[in-house]
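Accompanying notes for the structure given below.
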Amino acid sequence: DEAGFFDLTTTDVAGTLRRDSEPVVLDTVASQAISQRPDLAALRKDQARSLAEIRSQIAQGKVDFTVGTEFHRQFYNGNANALGFFFSSPLPVFNKNQGEIERARKEQEQILARIRAAEADVRNEVSNAWLQYVTSRELLESMEHDLLDQVLVPGRSDGGDGTEVVVLAVGGRV
């Protein structure tokens, strides 16, 4: 241990090292992150609510027509009947709900801007994580390919009780 060796008597290694055979594609990871982020899902629900608000305000700005009929029969002072037809429409000269419609449209634009900003943040986070992944993977492959061939030198030793022990030495020293 003082010479820089590890005590391998308590370490058991079984099987092979795990390998990620398929490379991670940045676009796939980014699309998964954008579709699964709860903050983006909440913003999309706000966008749907805002679209419904715009439709509601446009509907409230439209004129409601009223059509009706009336029949009146008089019994006391004579015998008279009256039939009437009615058509009425409010004249929205000053208020066509234009202010509320415009407010709802501006709110929709703000929500869309927040969605674009959040998606850009997610793409940036995914890109940074992907670069760290690629760097770590390349470093691991470099270490496995170049360094392990130089570092591990197998040897055999007598365990003292008649068993044979396989010794792995670092740096070619046994």
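Let's see if you can work this out: charge +1 on each Lys and Arg Cβ, -1 on each Asp and Glu Cβ, no other charges. What is the dipole magnitude of the range 20-143 about its Cα centre, in debye to the nearest 20?
840 debye
Suppose all protein chains stay in the model; what accessible area per residue would a 1.4 Å probe give for the range 84-131, in Å²? Don't jump to the answer; show the numbers that get you there.
On the way: 3580 Å² over 48 residues.
Normalised by residue count, the accessible surface of the range 84-131 is 75 Å².
Tally Lys/Arg at +1 and Asp/Glu at -1 over every other residue whose Cβ is under 12 Å from the Cβ of Ile111; what's the total?
+3
What whole number of Å gives the distance from the Cα centroid of the range 86-120 to the Cα centroid of the range 46-67?
Cα centroid to Cα centroid, the span is 9 Å.
Cβ under 12 Å from Arg123's Cβ, Arg123 left aside: what net charge do those residues give with Lys, Arg +1 and Asp, Glu -1?
Every neighbour counted, the sum reads -2.
With a ≥ b ≥ c the root eigenvalues of the C-alpha gyration tensor of the range 15-149, is it rounded (a/c under 1.5), prolate (a/b larger than b/c) or oblate?
Prolate is the answer for the range 15-149, as a/c is 1.5 or above and a/b outweighs b/c.
The values are calculated or read from the model by the stated rules, or taken from the named source; none is laboratory data. Computed from a predicted model, the values in this text were never measured in an experiment. All Cβ positions, even for glycine, are placed from backbone atoms using ideal geometry, and neighbour counts span all protein chains on display. Ligands, DNA and RNA are stripped out before the accessible areas are found, and what is left, the full protein with its side chains, is counted by its heavy atoms. Shrake-Rupley method; radii C 1.70, N 1.55, O 1.52, S 1.80 Å.
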